[in-house]
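Accompanying notes for the structure given below.
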Amino acid sequence: MTYSAPHRAVIMARGLGTRMRKEAEGLHLDADQQAAAEAGVKAMISVGRPFLDHVLGELADAGYDEVCLVIGPEHQIIRDYYDGLDTTRVTISYAIQDEPLGTANAVYAAHEFAGEDRVLVINSDNHYPAEAVAQLAQAPGAATLGFDRYAMVEGSNIAADRIAAFALLQSDPEGNLREIIEKPSPEMAAFLGEDALLSMNCWLLTPAIVEACGTVGLSARGEYELVDAVRDAVAAGEPVTVVPVKAPVLDLSNRNDISGVAERLQGKDVVL
């Protein structure tokens, strides 16, 4: 099947924000940051303006003009903010994930928005550079970005020891995804080598994978997980291209990440 250039994105913003809710000793947050952190709404943490604004701005730069935010029924703070915002480059809609049942369940909550074409799927607490995201459009079907470890260590706000625990991508000689190795052991990481590409959960999904998100079984953690849906689709014959990129990703998982992210985004123009 031939797909047109993707222009729709789904952003998963339903998480409970458990790590962000935890107090960090000796860390000062302003009132807005404190309120968003206590609510666990990482996307709305202010780094000059809400972090999610920066994420959306990069997507707009990469050619994505329709965005669906997957939120919980309690996330009125997100709806109130974006419903009151005048945008010229992106239209924003919402899908409700009633319970936090996992990332595949979140994607499937937006399956009507995704429609019959490819859709970008990312996390709300990661900031992906537009030039990296734009490379996914060159793939013929489903694709995921594979990030260079050295570029991540050099340019992101994430400590090297955290990066060492990130999922790794194995691809076949044609560049298609063979396996996703989550939480690789030191022995597995050494076997795959320092050039193994990192998964930062930036996916371009075909309708087949979105549908797999609705049929995937529960993981060992008791959730419906996107990586398992991707595995199911690959096993059923759906190729997923691994697109190598040398670019950093900013991560806003906990309160100690806020200052580093704010520093890297300081002075960056955002037009939505």
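Miscellaneous remarks
- Some residue of the range 117-139 being more than 27 Å from VAL216 (Cβ to Cβ), of a type in the set (Val, Ile, Thr) and under 17 Å from the mean Cα position of the chain (by Cα): no
- A residue that is at pLDDT 95 or above and in contact with a His (Cβ under 6 Å, 6 or more places away or on another chain) occurs somewhere in the range 194-212.
- In the set (1) assigned to a loop (DSSP other than H, G, I, E, B); (2) out of contact with any Lys or Arg (no Cβ under 8 Å at 6 or more places or on another chain); (3) surrounded by 15 or more Cβ atoms within 10 Å (Cβ to Cβ), ALA189 fails one condition alone, (1).
- Matching option when the condition is surrounded by 16 or more Cβ atoms within 10 Å (Cβ to Cβ) and either of a type in the set (S, T, N, Q) or more than 25 Å from VAL227 (Cβ to Cβ) (or both), among VAL67, VAL47: VAL47
- Among the residues making up the range 98-113, those that are surrounded by 21 or more Cβ atoms within 10 Å (Cβ to Cβ) and out of contact with any strand residue (DSSP E or B) (no Cβ under 7 Å at 6 or more places or on another chain) are GLY102, ALA104, ASN105, TYR108.
- Scanning the range 41-56 for residues that are within 15 Å of VAL67 (Cα to Cα) and either among the basic types (Lys, Arg) or at pLDDT 90 or above (or both) yields LEU52, ASP53, HIS54, VAL55, LEU56.
- Count of residues meeting criterion [of a type outside the set (A, V, I, L, M) and surrounded by fewer than 19 Cβ atoms within 10 Å (Cβ to Cβ)] in the range 114-134: 5
- Residue under evaluation ASP117, criteria (1) modelled with pLDDT of 95 or more; (2) in contact with a Phe, Trp or Tyr (Cβ under 7 Å, 6 or more places away or on another chain); (3) more than 30 Å from LYS268 (Cα to Cα), criterion not met: (1)
- Qualifying residues in the range 160-186 (those that are closer than 21 Å to LEU250 by Cα and of a type in the set (Lys, Arg)) - the one surrounded by the fewest Cβ atoms within 10 Å (Cβ to Cβ): LYS183
- Scoring ASN157 on the criteria (1) farther than 23 Å from VAL230 by Cβ; (2) over 17 Å from the mean Cα position of the chain (by Cα); (3) crowded, with 18+ Cβ neighbours inside 10 Å leaves a single failure, condition (2).
- Helices (runs of 4 or more DSSP H) wholly inside the range 36-111 that include at least 2 residues being free of Cβ contacts under 8 Å to residues at least 40 places away in the same chain and closer than 26 Å to ILE258 by Cβ: 76-83
The values are calculated or read from the model by the stated rules, or taken from the named source; none is laboratory data. It should be emphasised that the depicted structure is a prediction, and the values quoted were computed from it without experimental measurement. In this analysis, Cβ positions are derived from the backbone assuming ideal geometry, glycine residues included, and neighbour counts consider all displayed protein chains.
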